[in-house]
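The values are calculated or read from the model by the stated rules, or taken from the named source; none is laboratory data. What you see is a predicted model; the values in this text were computed from it and never measured. Note: ideal-geometry Cβ built from the backbone for every residue, glycine included; neighbour counts use all protein chains shown. Quick note on the areas: whole protein, heavy atoms, side chains included, nothing else; ligands and nucleic acids left out. Shrake-Rupley method; radii C 1.70, N 1.55, O 1.52, S 1.80 Å.
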Amino acid sequence: MKSRIAILWAAFFSISAGLGAAQTYTVTDLGVLKGDNESSGFWINNLGDVVGCSDTETVYQYPCTGLVAGQHAFYWSHSGGMKDLGTLSGATVSGAAGVNDAGTVVGYSNVKGQPSTNFVAVQWSSTGAITNLGTLSGGSSSSAFQINSSGEVTGDSFLSNGLVDATSWTDKKIKNLGALKGSIFTAGLSINDGGKIAGESIFSYGPPFSSHGFLWNGSSMTDLGTLWGGVTSIANAINTGGTVVGQSDGKNTGGHWHAVQWDSSGTIKDLGVLKGGTYSIAFGVNDADVVVGYANTPTNAPHAIIWTAGSGIKDLNSEIPENSGWVLVNANAINNAGQITGYGTKGGHNHAFLLTPTE
């Protein structure tokens with residue numbers, strides 16, 4: 001997933017050796033930025049540092065919609081707590097979507113004098129300096145989603161004709177990765193240390209909504225397809241070994257998305273749903289192929305989930321201390337030490353969390 005150091009390798013092997021057994025986690029509330037009420041952790045590096053967004057959105061809605069002035073990117077570390085990464089000069093909205101082990105962060109910011117929803121891809125250095133990564137020629141907007149250990153970035157950009165293509169940035173120079181045939185919107189959502197990129201090409205906003213996940217191997221883009229009979233898939237994350245996770249519908253999913261995994265050969269697998277639930281989505285995967293995301297319960301409440309080959313899908317709320325006061329809603333990312341970030345409700349608000357295995 002990202003670069004590693006010796007001490008993290010030791011933690012990774014000790015944890016992955018017990019992945020088939022039940023795990024429990026401690027929960028750390030990452031809090032909110034000054035003046036805000038809601039936050040969400042979007043990504044975590046192998047040092048346990050978390051990036052995301054903090055905002056003043058209404059409780060129980062997904063934190064950081066990118067539509068409200070005052071939503072700001074944050075960087076959280078054990079030593080420094082939550083820090084506001086700010087925006088481009090004169091802007092009002094930003095979000096941090098990815099961070100590598102060197103502390104370089106990528107995401108988006110709006111631009112002074114333009115609508116708050118007109119974003120450009122940005123990169124924050126480890127010292128907090130922000131850089132506008134720009135757009136493809138003629139494009140009006142772009143966004144960056146992930147960065148690998150070499151500093152390669154992936155995301156998307158509008159074109160002069162209004163369509164959107166997947167992009168990458170190397171040394172802050174943009175490259176057009178193209179799109180699957182017939183796509184109107186394509187985004188690179190995750191990049192591994194080998195430079196492989198997973199993402200989504202949207203063909204129609206529907207109804208029915210139609211899209212396919214893709215894999216970029218460094219020179220060409222491959223359609224990852226869907227579960228049997230499906231019309232929609234999205235590839236949200238890729239690990240170092242080339243395992244891709246996301247979601248897909250199919251003839252056997254009852255019209256709902258199911259979390260899926262594509263192995264390094266491109267074979268798709270349905271990861272299932274919680275007992276009594278109908279849908280699931282996978283957002284993150286580490287190098288041990290442990291998957292996180294969210295799914296609905298029998299009462300249709302969204303709950304954060306974890307999936308392993310040995311134990312299948314589990315509600316992460318069953319893996320934290322009882323009476324913690326938390327309801328874990330969504331797990332966005334997992335690192336190689338097994339730490340997980342996302343957001344959950346506590347005390348009437350959505351807060352970013354960090355789960356740390358106790359075993």
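For the chain, the per residue solvent-accessible surface stands at 39 Å², with DNA, RNA and ligands left out and a 1.4 Å probe. Going by accessible surface with a 1.4 Å probe and the largest first, I305, I313 read I313, I305. When the surface is traced with a 1.4 Å probe over the full set of protein chains, H303 keeps roughly 40 Å² accessible. Comparing G246, G348, G206 in a Gaussian network model of the chain where C-alpha atoms under 10 Å apart are linked, the largest mean-square fluctuation is found at G206.
For region 163-177, the Karplus equation 6.51 cos²θ - 1.76 cosθ + 1.60, evaluated at θ = phi - 60°, returns couplings of 6, 10, 10, 5, 9, 9, 10, 10, 6, 6, 9, 7, 9, 8, 8 Hz by residue, with Gly and Pro reported as x.
Straight-distance candidates among the aspartates and glutamates for linking to K173, with alpha-carbon spacing under 17 Å and chain neighbours fewer than 8 residues away dropped: E152, D156, D165.
Entry note, the chain: the mean residue ellipticity at 222 nm calculated from DSSP H runs of n ≥ 4, each adding -39500 (n - 2.57), is -1000 deg cm²/dmol after division by the residues and rounding to the nearest 500. Structure remark: mean-square fluctuation, Gaussian network model of the chain, C-alpha springs under 10 Å; the largest value among Q261, Q114, Q247 belongs to Q114.
On the principal axes of its alpha-carbon atoms, region 56-129 has extents of 33, 29, 16 Å, going from largest to smallest. Here N217 and K269 are evaluated by their C-beta separation; at R0 = 22 Å the FRET efficiency comes out at 0.60. Whats the longest run of the chain with zero trypsin sites (Lys or Arg not before Pro) that are DSSP loop and have at most 16 other Cβ atoms within 10 Å? It works out to 276-359. Kindly list the residues of region 265-298 that lie in the label zone of W228, defined by a backbone N under 13 Å from the point 7 Å along the Cα-to-C-beta vector. Counting backbone N atoms under 13 Å from the label point, the list is 268-270. Once the gyration tensor of the Cα atoms in the chain is diagonalised, the equivalent ellipsoid follows with semi-axes of 27, 25, 20 Å, ordered largest first.
Its alpha carbons considered, region 276-341 gives a radius of gyration followed by a Dmax of 11.4, 33 Å.
Pairs from the list K196/K346; K83/K275; K275/K346; K196/K275 with a Cα-Cα gap above 30 Å: K196/K346; K83/K275; K196/K275. Computed extension gain for L163 through A129, at 0.36 nm per residue and net of the alpha carbon distance, reaches 9.2 nm. Using Cα springs under 10 Å in a Gaussian network model of the chain, which residue among G80, G103, G195 shows the largest mean-square fluctuation? Comparing G80, G103, G195 in the GNM, the peak value goes to G80. The string of couplings for region 197-214 from the Karplus curve (6.51, -1.76, 1.60, θ = phi - 60°) is 10, 10, x, 9, 10, 9, 9, 7, 7, x, x, x, 4, 9, 7, 9, x, 9 Hz, one whole number per residue in order, with x for Gly and Pro.
The phi-based Karplus calculation (6.51 cos²θ - 1.76 cosθ + 1.60; θ = phi - 60°) puts the 3J(HN,Hα) values of region 70-75 at x, 6, 10, 5, 10, 10 Hz, whole numbers, x for Gly and Pro.
For E38, E322, E152, E200, the ranking by accessible surface with the largest value first comes to E322, E152, E200, E38, using a 1.4 Å probe.
Here's how it looks for G230: its modeled amide H is under 5 Å from those of K251, which are all 5 or more places away or on a different chain.
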